[in-house]
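Where a number appears in this text, it was derived from the coordinates with a stated rule and is not lab data. Small disclaimer: the values here were computed from a predicted structure and weren't measured. When we count neighbours, we look across all protein chains shown, and the Cβ atoms used for this are built from the backbone with ideal geometry, even at glycine.
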């Protein structure tokens with residue numbers, strides 16, 4: 001596996017800069033991770049980190065509303081941003097000769113967002129985000145599963161208890177003052193990682209970064225990270241049934257699990273793939289192909305770093321199959337893996353799939369830049385991008401068994417069952 | 001600095017050169033050596049899509065494509081999945097109206113092994129009854145699930161309403177419950193035998209390959225494959241016509257999923273590039289007119305867009321947006337106003353330049369991956385486009401001027417005959433729709 005080149009710098013204002021040169025295509029990716037996500041939100045302001053991300057596209061001191069998108073697109077680039085529990089990222093991929101455009105745009109909003117903010121823009125984007133919530137959650141079959149799951153897996157006062165999209169009520173309450181305070185608190189160079197990957201000349205790129213970002217003052221009063229402490233286990237078997245406009249029942253399972261980046265989390269990644277990745281996975285082979293109880297099956301681990309992550313699965317019942325039967329069959333497969341451990345064939349299969357997927361993901365400079373920012377932001381260790389495959393391959397059968405035995409157990413499980421609304425009453 | 005920084009000199013980009021060969025049995029072979037890559041992507045594309053099935057067996061092409069990955073004469077479904085996945089290979093197989101395609105992306109040293117398995121899968125598939133029964137049931141279940149999803153439901157109903165009764169394009173290419181239910185494994189076997197053959201198939205291999213070694217591998221796996229495929233039938237695409245509003249009632253919906261449009265163009269239409277640029281300007285990019293107006297000015301939606309879906313015969317032209325229920329009527333009015341406006345006047349040169357520059361400038365980004373490059377060659381094989389299609393593509397986009405966008409819009413955008421379909425809460429929108437004068441209103445159940 002070829003190594004991703006990494007050159008690290010830190011500006012005087014604390015901005016961490018990662019350069020990863022790859023001149024194969026005349027393209028460059030610019031990626032910024034801000035160390036702020038929905039876990040940093042205040043009570044009564046759920047959804048605000050994401051709403052704020054939308055405001056970052058509404059112009060800044062020298063950039064008009066809409067210009068961020070139109071300038072990058074007219075330059076032949078693509079761009080977007082996303083917000084999740086731990087972080088917010090902003091990214092552009094564009095022809096290499098337009099590198100400075102992306103840096104200027106990112107620096108202008110990091111330095112001077114607030115002069116461009118108006119009540120009208122906030123009201124507009126509040127409406128957009130509410131429509132995003134309606135579209136992706138409220139009007140979608142099974143659409144609120146992660147919201148419900150987080151609320152059941154984490155205690156009421158835990159920062160992962162509420163979803164990134166937030167509640168309608170809290171979105172309504174967000175004010176321009178909140179925008180100003182959030183910006184001043186979190187959108188500072190010493191709370192961010194800037195990665196540039198692709199076709200550039202290292203010295204010239206670093207010079208541009210300094211020109212645009214060095215004048216931005218640090219926030220000397222960054223708040224301490226939120227307290228993410230939580231018991232490793234839920235301590236009981238939690239169940240909820242949700243009648244919904246769905247034709248087929250679906251069972252979601254979730255467990256508190258060790259945070260992303262730990263050895264145990266690596267082992268659970270491997271376990272999730274043995275159970276759920278591909279047509280030779282345990283759940284697909286058993287529930288979908290052989291027993292024909294399930295329409296589909298999926299297993300995954302939330303890559304989040306605070307306190308506890310989530311090891312989760314969902315299975316959709318075929319018509320005529322009860323959720324109880326489906327749940328029992330799913331747990332039987334998980335328990336069998338926990339008890340007997342994976343075979344050598346299981347491990348060979350998921351390791352080779354993982355290596356191919358990793359190579360496929362890293363073909364794109366945008367993905368390379370995003371992972372470098374992620375590892376730098378979450379662990380201050382961008383070099384982790386080059387050990388992803390070896391860490392995964394180092395997981396052996398005993399680690400899979402013990403990681404499952406520690407976390408994926410009845411007294412640490414939330415079971416959320418969606419049933420067709422008419423059948424529920 | 002307060003102004004947009006100047007760009008430096010661009011580095012030229014050229015779509016990768018490829019070799020196009022043909023085996024004696026007619027199999028097309030397209031080789032794209034990319035020596036600096038780790039991966040290789042293989043795509044087989046055959047004239048065996050829904051357009052090649054009997055209309056009375058609608059959906060058989062899609063089921064055939066799905067059933068192919070359930071094994072070969074030597075390997076049953078479980079063994080085939082285990083064997084491929086132990087190589088790090090996930091074989092895909094799917095069909096659309098104009099083609100069926102199967103392939104994989106793998107690390108370069110797995111090419112020979114993967115190609116052998118792919119050849120077995122295509123040439124001597126297992127196609128057994130037990131797996132057929134499962135996949136047919138899964139397909140029927142997926143239709144159930146799709147109809148519970150307001151967006152997918154709106155898509156399906158739009159097609160059914162925009163085309164004349166009985167027109168094949170009025171249904172999804174994977175068939176409807178009525179056409180899938182009676183299908184048998186015999187239908188799948190017959191479809192595969194009649195349609196998947198070397199003379200109607202091409203294989204594209206892009207990535208970490210030595211072209212002569214790859215050619216030898218293709219020759220070894222496919223050289224003695226024989227047979228001829230019956231190819232596709234001609235599909236008549238006629239629209240129902242007339243401005244109508246169809247409300248698919250989904251009580252309690254907090255949004256209306258809007259679909260507005262009419263018949264679009266066929267792939268070979270001489271206005272293809274004009275239509276591509278015009279649709280991008282109207283609703284294809286973030287700053288397009290539809291998204292700017294409905295999202296960034298009015299806040300009615302998370303996103304509004306439009307596109308053509310060119311096929312061998314005219315596919316639909318459709319604008320879409322999920323909008324909050326309360327603004328449904330006004331959102332429709334705004335969408336229609338944008339369709340009127342693009343016909344009424346040519347875009348400014350600045351507006352057009354922004355879109356054209358995007359389509360031209362983003363060109364290399366589309367081909368960053370081996371899978372992207374392999375996929376790019378499929379339409380050349382399917383639609384018989386010239387070998388220099390991608391090498392001349394940017395020039396074709398640049399040649400689209402303001403007058404061309406305007407005349408293309410006048411010919412291809414017809415709001416007067418636009419069908420309006422929405423899935424949403426009929427009790428909340430019906431009265432206002434009827435009073436709007438935008439068209440006759442029909443309310444139909446979702447189920």
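Using the alpha carbons of region A:226-317, what is the convex hull volume per residue in cubic angstrom, as a whole number? Don't skip to the end; give the middle numbers.
Working: hull volume 11.0 nm³, N = 92.
For region A:226-317, the hull spanned by Cα atoms encloses 119 Å³ per residue.
Restricting the calculation to alpha carbons of chain B gives Rg and Dmax of 23.6, 70 angstrom. Inverting the pair-averaged 1/r between distinct Cα atoms of region B:19-222 gives 17.9 Å as its Kirkwood hydrodynamic radius.
Which shape class, rounded, prolate or oblate, goes with region A:90-236 when its Cα gyration tensor gives a ≥ b ≥ c as root eigenvalues, a/c under 1.5 marks rounded, and past that a/b bigger than b/c marks prolate? Taking the square roots of the gyration eigenvalues as a ≥ b ≥ c, region A:90-236 is prolate. Once C-alpha pairs closer than 8 Å and six or more residues apart are averaged by separation and normalised to the residue number of chain B, the relative contact order reads 22 percent. Under 18 Å from a label point set 7 Å out along the Cα-to-Cβ vector of residue B:78, the amide N atoms of region A:270-284 belong to A:274-284. Beyond 33 Å, what share of the Cα-Cα pairs of chain A remains, rounded to the nearest whole percent? Across chain A, Cα pairs with separations above 33 Å total 39 percent. Computed on region A:236-424, the Cα convex hull volume stands at 126 Å³ per residue. Per residue of A:123-133, other chain Cβ atoms within 10 Å of the residue Cβ number 5 on average. Counting only DSSP beta bridges whose two residues both lie in region B:244-445, roughly 60 percent are antiparallel.
How big, in percent, is the set of alpha carbon pairs in region B:244-445 lying more than 25 Å apart?
Result: 42 percent of Cα pairs exceed 25 Å.
Only helices enter this figure: runs of n ≥ 4 DSSP H residues, each worth -39500 (n - 2.57), summed and divided by the residues of chain B, yield -12500 deg cm²/dmol at 222 nm to the nearest 500. Gap in Å between the Cα centre of region B:216-241 and the Cα centre of region A:321-379? Rounded to whole Å, the Cα centres lie 37 Å apart. Computed from the C-beta positions of residue A:291 and residue A:239 and an R0 of 35 Å, the FRET efficiency is 0.95 to the nearest 0.05.
Using a cutoff of 8 angstrom between alpha carbon atoms and counting only pairs six or more residues apart, the relative contact order for chain A works out to 22 percent. When DSSP beta bridges are restricted to pairs lying wholly in chain A, around 75% turn out antiparallel. Scoring B:377-383, A:324-330, A:388-394 by mean Cβ neighbours within 10 Å over their residues and listing the highest first yields B:377-383, A:324-330, A:388-394. Using equal-weight Cα scatterers in the Debye expression, the normalised intensity of region A:7-213 in log10 at q = 0.15 Å⁻¹ is -0.96. Could you grab the relative contact order for region B:19-222? Cα pairs under 8 Å, six or more apart, rounded to a whole percent. Value for region B:19-222: 40 percent. A crude spin-label estimate for the pair residue B:411 and residue A:220, with each label 7 Å from Cα along the Cβ direction, gives 6.8 nm. For region A:301-353, dividing the convex hull volume of the Cα atoms by the residue count gives 141 Å³ per residue.
In this rough spin-label picture, where each label sits 7 Å from Cα along the Cβ direction, the residue A:210-residue B:165 distance is 7.7 nm. Modelled this way, with points 7 Å down the Cα-to-C-beta line, the labels at residue B:129 and residue A:357 are 3.7 nm from one another. On full extension, the segment bounded by residue B:21 and residue B:394 gains 131.7 nm, given 0.36 nm per residue less the C-alpha separation. Estimate the FRET efficiency between residue B:56 and residue B:220 by the formula 1/(1 + (r/R0)^6), using the beta-carbon distance for r and 56 Å for R0, to the nearest 0.05. In this case the efficiency is close to 0.90.
In chain A, the DSSP-assigned H stretches of four residues or longer account for a calculated mean residue ellipticity at 222 nm of -12000 deg cm²/dmol, using -39500 (n - 2.57) per stretch and the full residue count as denominator. Take each peptide in A:90-98, B:111-119, count the other Cβ atoms within 10 Å of every residue, and average; sorted highest first, the result is A:90-98, B:111-119.
Residues of region A:318-358 falling in the label zone of residue A:398, defined by backbone nitrogen less than 17 Å from a point 7 Å along Cα to beta-carbon, are A:338-344. Shape summary of the protein assembly as shown, radius of gyration then Dmax from alpha carbon positions: 27.0, 74 Å. Inter-chain neighbour count for B:7-14: the average number of beta-carbon atoms from partner chains within 10 Å of each residue's beta-carbon is 5.
Sorted on the mean count of surrounding Cβ atoms within 10 Å across their residues, most packed first, peptides B:63-76, B:337-350 read B:63-76, B:337-350. Annotation: the antiparallel percentage among DSSP beta bridges lying fully within region A:236-424 is about 70. As a calculated quantity, the FRET efficiency between residue A:24 and residue B:435 at R0 = 51 Å, using C-beta atoms, amounts to about 0.30. Peptide A:343-356 shows a mean partner chain C-beta count of 4 within 10 Å per residue C-beta.
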